[in-house]
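Reading through the structure tokens given below for one structure.
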Amino acid sequence: MAKKISIIVPCYNEEETVRTFYNEVRKVVASLDYYFEIVYVNDGSRDQTVNEVLKLREEDKSVTLIDFSRNFGKESAILAGLEYSKEADAAVVMDVDLQDPPELLPKMIKYWEQGFDNISTRRKNRDGEPPIRSFFANAFYKIINAISHVEFVDGARDYRLLSKRAVNDLISLKETNRFSKGLFQWIGYDGVCIEFEHVDRSAGETKWNFMKLVNYAIEGITAFSNTPLRLATYTGIIIAFIAFLFLLYTFISTLLFGNNTAGWSSLICILLFLGGVQLIFLGIIGEYIGRIYNEVKQRPAYIVKSIINEQVEE
């Protein structure tokens, strides 16, 4: 019996790319001696994404649809796909826009058959990306690698192949605030990274604007490092020490030379600076408290409205 590989495809308003993705993937895997199941995870799309997937199911019963009750985000969609695919021999996470080249699948499967459990991919370049976005992306990887105990590969994609045991280890991690790029690295296992040139979207527009990427970066930093909290402590100590030295200087200057310090404007500037620093670090602390708050509520990462597959239709 052929080994089963599940291809997990998160979708949010991707009606234009669902069929194109299917056609390209089927073209690549047609000659491979495996049973491929394509699992589309509809993340609360407001267009015709679900209908497009259902049309594919009429032609190919190996197409599965996991339909969320609302939009929960890509991280939840990846988790749902992994949980559904835990019985498969391997699982592949891919973007539906074809920026993850299906042509790499045979090479990834070959590495898996050689015993690798965690085969990842990365872009060699950021062609076609706005310069400001590339700058902040590069800065993010430098910062998070400097403060995290987990190594993050610059340009790494969610596109990867995971063995059955790697999938089971990933879904055993029950945290609500998930940052898959970090979790993929955190579980370890022998792996290999395949590089490829940047590929433009096959159709449609990206759902990731600049602010969403900034929030995603903050999620990653707070999920895999406590350094910002330590930075708040160290900054407080340094500022307190400087304030003590300034107080000592003022005291001695007053005793020896009299108090000739004018400086209402400089005093206001110092107060505003210190107030700004305090608010920044209150925000950092708030980020971590917010994560704790979300975790202790123990809400599910997603809610499935229906699953339509070859075994059962719910």
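The values are calculated or read from the model by the stated rules, or taken from the named source; none is laboratory data. Remember, predicted model here, so these are calculated numbers, not experimental data. Because the Cβ atoms are built from the backbone with ideal geometry, glycine has one as well, and the counts that use them run over all protein chains shown.
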Discussion item. Would you confirm whether or not segment 37-50 contains a residue that is modelled with pLDDT of 90 or more and hydroxyl-bearing (Ser, Thr, Tyr)?
Written reply: yes
Worksheet item: Quick check, is Ala88 under 25 Å from Ala2 (Cα atoms), part of a loop (DSSP other than H, G, I, E, B) and of a type in the set (A, V, I, L, M)?
Response: yes
Worksheet item: Mind checking which pairs have a first residue in segment 51-69 that is free of Cβ contacts under 8 Å to residues at least 40 places away in the same chain and more than 17 Å from Lys4 (Cα to Cα) and a second that is of a type in the set (Gly, Ala, Ser) and surrounded by fewer than 20 Cβ atoms within 10 Å (Cβ to Cβ), Cβ under 7 Å, 6 or more apart or different chains?
Response: none
Item to complete: For segment 50-68, indicate whether the set of residues that are outside any loop (DSSP other than H, G, I, E, B) and closer than 19 Å to Ser163 by Cβ is non-empty.
Response: no
Response to the item:
Restricting segment 85-96 to residues that are surrounded by fewer than 22 Cβ atoms within 10 Å (Cβ to Cβ) and over 13 Å from Ala166 (Cβ atoms), the one nearest to the chain's Cα centre (by Cα) turns out to be Asp95
Worksheet item: Is it true that Glu75 is surrounded by 19 or more Cβ atoms within 10 Å (Cβ to Cβ), out of contact with any Gly (no Cβ under 7 Å at 6 or more places or on another chain), farther than 21 Å from Asn168 by Cα and of a type in the set (Asp, Glu)?
Response: no
Item to complete: Name the helices (runs of 4 or more DSSP H) wholly inside segment 158-231 in which the number of residues that are at pLDDT below 75 and aromatic (Phe, Trp, Tyr) is 2 or more.
Response: 210-224
Item to complete: Residue by residue through segment 119-130, note down the ones that are at pLDDT 70 or above and out of contact with any strand residue (DSSP E or B) (no Cβ under 7 Å at 6 or more places or on another chain).
Response: Asn125
